[in-house]
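Trainee: For reference, the structure I am asking about is given below.
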Amino acid sequence: ETNLINQASGSCRVLLDQTDILVGIKVEIGQIEPDNVNDEEDETNLEEDDLSRHNNIVSTEDEDVFGERNKGRIVCNIDCSPSVAKFFEFKKIEEICIEYSQYMNRLLNGKQGGIDLQSLCILKNSTCWIIYIDALVLNYGGNLLDAIFVATRGALQNTRIPKCRVEESQGIFDFEIGDEETEIIEGWREMPVCVTVNKIGNSFILDSTPLEDNCSEARLMVSINRKGQICSVQKDGTGAIEPTLLTEMIRSAQTKGKLILNNLDLVLSNEEKRIENLIECVGFC
Amino acid sequence: MNLLSIRQFEKETDFTKKNITEKCLNSNIKLTEESNIELQDLLLKIKTEMANFKVSAKSFYSKKLEEIQLKNDSNLNEIINKSFIAIDSHTESLSSLNFKNFQSLTTHDDKQTEKNSDLNSVTNSFDQFFESYQIPFLKKRYLEFEIEKQNLTMKIKKAKRILGPDGSIEPPYEIKSEKLNINNREFNRESKQLRPLCMRIDTIKQANGSAYVELGDLKVVCAVYGPRQSLKPGNSSAGSLNCDFKFAPFSCKKRRPYPKDTQEKEYGLLLNQALVPSLRLDLLPKSVIDIYVQVLEADGMVSSLAAAVTCASLALANAGIEMYDFVSGASAGYVDNSIILDCDLSEEEKINFNGSIFLSYMPASNEVTHIVQWGEVNYANSAKAIEICVDACSQIHSVMSQTLLNSIKD
């Protein structure tokens, strides 16, 4: 379900059997940071236990000849509610959160993320929109990252950025944020969806339950976008995968990912109609 | 001797000064023998304390000078020397003078004026003494030194770089508008050719195992400590691996601050995942193996991760930890529609660099221990990239085994 939280610019909730994810998106105006090549630099001193948001800088370079900075950025953060604690110990939860947050950040802040970062720029070299994506894991029932990606995609479809008018007076640029008018985030349709493939023994499964998660020695997180391209692959877990099995896993993830995307788009268009017709959502009950 | 004692001493001397003058004024014209003895005692006390003070003060101030590194402050030296000389002279003069004066006081008791003048002379000499003593002055100087020292340390603690005014934007480091031509790589490298590789082990003597890997300009060093006792309470049936990854502050284009940022923490996690499948941790219960990797020169972000895996695996072997096989790491980049192996920093920065893949591989069991890939790419290219990286890993593996063999021969 989308559009649950009024305060957020966009929101979405996904229930995948027991896994319950709530994603809230807020857009804020911020400074365009100096670019770092393939870099994600932390501006604040992070302690080990600090799960608060990390400020990440756009990792890819823009193609402007004069080296201008005209890209907004996306900051992702994944947080777990205490109910997850009965499945994992504290340090493991923290590691999972950092890993998944980094995975999402890397994915969405590049060209492969699909979202048009240049449209988020307000004034070149100075201000841009920053999209903060915060995912909250309300309950854990396996297959965490898939659900998070589905929810993020839904929330992005739902997000409305206030329209921004740029005025120039005597060479000084100024911008005004409208109150009523809003626009959608360009390129949200191109955002990829993740499929987690678990390796158990000599073969693999998709969409694992917690029990199956415990059995798997290695996990592969594959992101597929609407065109069927593979946007990102990352292995997780302490086991090893043979190269042939690896390519097989990626292949099956790709086919399944496309199916998931098509179905998701159908559901999201239904959601839009529901919101237009002002039908109440089920909500949190 | 510190400020407190200086103050104390001041107080005491002030007190003695007061005491003596008071006694002279309040007492009868005749000074009794007792008071004479008292006076003498006091004077002796002053003298000894002065001597002590001189010695301790000299050492104290010289120490302070060393600390503050203002040895060349000739003014201060002069002052201190003067004061010491004055102290010397005055102690002598005091002891001789005052006793005489007081003796005269006892004899010439009718002559009030004389007595007064003598008294005055006594007090004057005291004043002169304390002036030259220069305790307050020295104390003041000492306080100044302390303040200067604090300021210096504060300055050092603050940012070591000069920041621009608020609202200023950092200039771009480079104008990146070039496209990468896969046929025109630096040093005429082919698209599937690794950079020149160099490995050394046993570079850090204190560690259980260590290794140093150079991949072109990329330099990584790794130290392994362990197996050592795990500090976590409770039994653990298998050992644990603790990987620590750090870019040295000078290694990247932009300075990396000392606290670890999320990228480095993530790379540490990735290292862990890449290395654990190769180690026989079940033979090391209740133990922990610490791996510290530092990148000295990062010529390519993904390739530094790949080199780190290679380096850590070598170091583990050097430490004598049982393992199934080495883990070697390789990285490749996607440019336009083709794949280039082992990209360096200049290639990663190019416009048409679409993404990259990092892979770590264990040839003995033909297993990929870790894979990370980002960038929009179709399945065919992805599969091809995996193949290329696996080949490169096998090449690197042969170099690793050769390095270890050579070290044993030597």
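Trainee: When you look at the Cβ of every residue in B:242-254, what mean number of other chain Cβ atoms sits within 10 Å?
Mentor: On the way: counts 0, 0, 0, 0, 0, 1, 0, 0, 0, 0, 5, 3, 7.
Shielding by partners across B:242-254 averages 1.
Trainee: For A:GLU217 paired with B:ASP391, estimate the spin-label separation in nm (one decimal), with each label point 7 Å from Cα along the Cα-to-Cβ line.
Mentor: Inter-label distance under the simple model: 2.8 nm.
Trainee: In whole Å and largest first, what semi-axes does the C-alpha gyration tensor of the stretch B:194-235 yield when each eigenvalue is scaled by 5 and square-rooted?
Mentor: 30, 12, 7
Trainee: Convex hull volume of the Cα atoms in the stretch B:200-334, per residue, in Å³? Don't jump to the answer; show the numbers that get you there.
Mentor: Values: hull volume 15.9 nm³, N = 135.
Each residue corresponds to 118 Å³ of Cα convex hull volume.
Trainee: Given H placed 1.01 Å from N in the peptide plane, which residues other than close sequence neighbours of B:GLU367 have an amide H under 5 Å from its amide H?
Mentor: B:MET362
Trainee: Next question. Taking the alpha-carbon centroid of each part, what is the distance from the stretch B:344-410 to the stretch A:8-34 in angstrom?
Mentor: 35 Å
Trainee: Follow-up. Between B:THR203 and A:THR255, what is the label-to-label distance in nm when each label sits 7 Å out along the Cα-to-Cβ direction?
Mentor: My value for the distance between the label points is 4.7 nm.
Trainee: When every alpha-carbon pair in the stretch A:180-258 is counted, what percent end up more than 18 Å apart?
Mentor: Details: 1359 of 3081 pairs.
That fraction is 44 percent.
Trainee: Would you kindly find the accessible area of A:PHE87, with a 1.4 Å probe and non-protein molecules such as ligands, DNA and RNA excluded, rounding to the nearest 10 Å²?
Mentor: 80 Å²
Trainee: From the alpha carbon gyration tensor of the stretch A:159-209, can you work out the equivalent ellipsoid semi-axes (sqrt of 5 times each eigenvalue) and give them in Å, largest to smallest?
Mentor: Values: eigenvalues 460, 32, 11 Å².
Semi-axes, largest first: 48, 13, 7 Å.
Trainee: Working with all protein chains in place, sort A:TRP129, B:TRP374 by solvent-accessible area computed with a 1.4 Å probe, largest first.
Mentor: Numbers: A:TRP129 15, B:TRP374 40 Å².
Descending order: B:TRP374, A:TRP129.
Trainee: Below 8 Å between Cα atoms, with a sequence gap of 6+, how large is the relative contact order for chain A in percent?
Mentor: Numbers: 575 pairs, mean separation 53.0, N = 285.
Normalised by residue count, the contact order of chain A is 19 percent.
Trainee: Hey, what do the phi angles of the stretch B:363-372 turn into as Karplus ³J(HN,Hα) couplings, whole Hz, using 6.51/-1.76/1.60 and θ = phi - 60°, x for Gly and Pro?
Mentor: Calculated HN-Hα couplings, in order: x, 4, 9, 6, 10, 8, 7, 7, 9, 9 Hz.
Trainee: Can you pick out the pairs among A:LYS91/B:LYS265; A:LYS86/A:LYS199; A:LYS199/A:LYS256; A:LYS199/A:LYS235; A:LYS26/A:LYS258; A:LYS235/B:LYS192 whose Cα atoms lie more than 18 Å from each other?
Mentor: Details: A:LYS91/B:LYS265 13 Å; A:LYS86/A:LYS199 24 Å; A:LYS199/A:LYS256 16 Å; A:LYS199/A:LYS235 10 Å; A:LYS26/A:LYS258 28 Å; A:LYS235/B:LYS192 24 Å.
A:LYS86/A:LYS199; A:LYS26/A:LYS258; A:LYS235/B:LYS192, as the Cα separations exceed 18 Å there.
Trainee: Could you give me the ³J(HN,Hα) list for the stretch A:185-196, computed from phi with Karplus coefficients 6.51, -1.76, 1.60 and θ = phi - 60°, whole Hz, x at Gly and Pro?
Mentor: Per residue, the Karplus-derived 3J(HN,Hα) values read 7, 6, x, 5, 5, 7, 5, x, 10, 9, 10, 9 Hz.
Trainee: Report the semi-axes of the equivalent ellipsoid for chain A in whole Å, largest first, where each axis is √(5λ) for an eigenvalue λ of the Cα gyration tensor. Before the final figure, lay out each step's value.
Mentor: Values: eigenvalues 209, 101, 70 Å².
Semi-axes from the Cα gyration tensor: 32, 22, 19 Å.
Trainee: Going by alpha carbons, how many degrees (0 to 90, nearest 10) lie between the helix axis of A:243-276 and the longest principal axis of chain A?
Mentor: Helix A:243-276 sits roughly 50 degrees off the main axis of chain A.
Trainee: Under a plain spin-label model, where a point goes 7 Å from the Cα along Cα-to-Cβ, how far apart in nm are A:THR244 and A:LEU278?
Mentor: Between A:THR244 and A:LEU278, the simple spin-label model gives 6.3 nm.
Trainee: Per 5 Å bin, what is the whole-percent P(r) computed from every C-alpha pair distance within the stretch B:297-410?
Mentor: Taking every Cα pair in the stretch B:297-410, the percentages come to 2, 12, 23, 21, 17, 12, 7, 4, 2, 0.
The values are calculated or read from the model by the stated rules, or taken from the named source; none is laboratory data. The structure presented is a predicted model; accordingly, all values stated were derived computationally and were not measured. No Cβ is skipped: glycine too gets one built from the backbone with ideal geometry, and neighbour counts run over all protein chains shown. Protein only, heavy atoms only, side chains kept; ligands, DNA and RNA dropped before computing areas. Shrake-Rupley method; radii C 1.70, N 1.55, O 1.52, S 1.80 Å.
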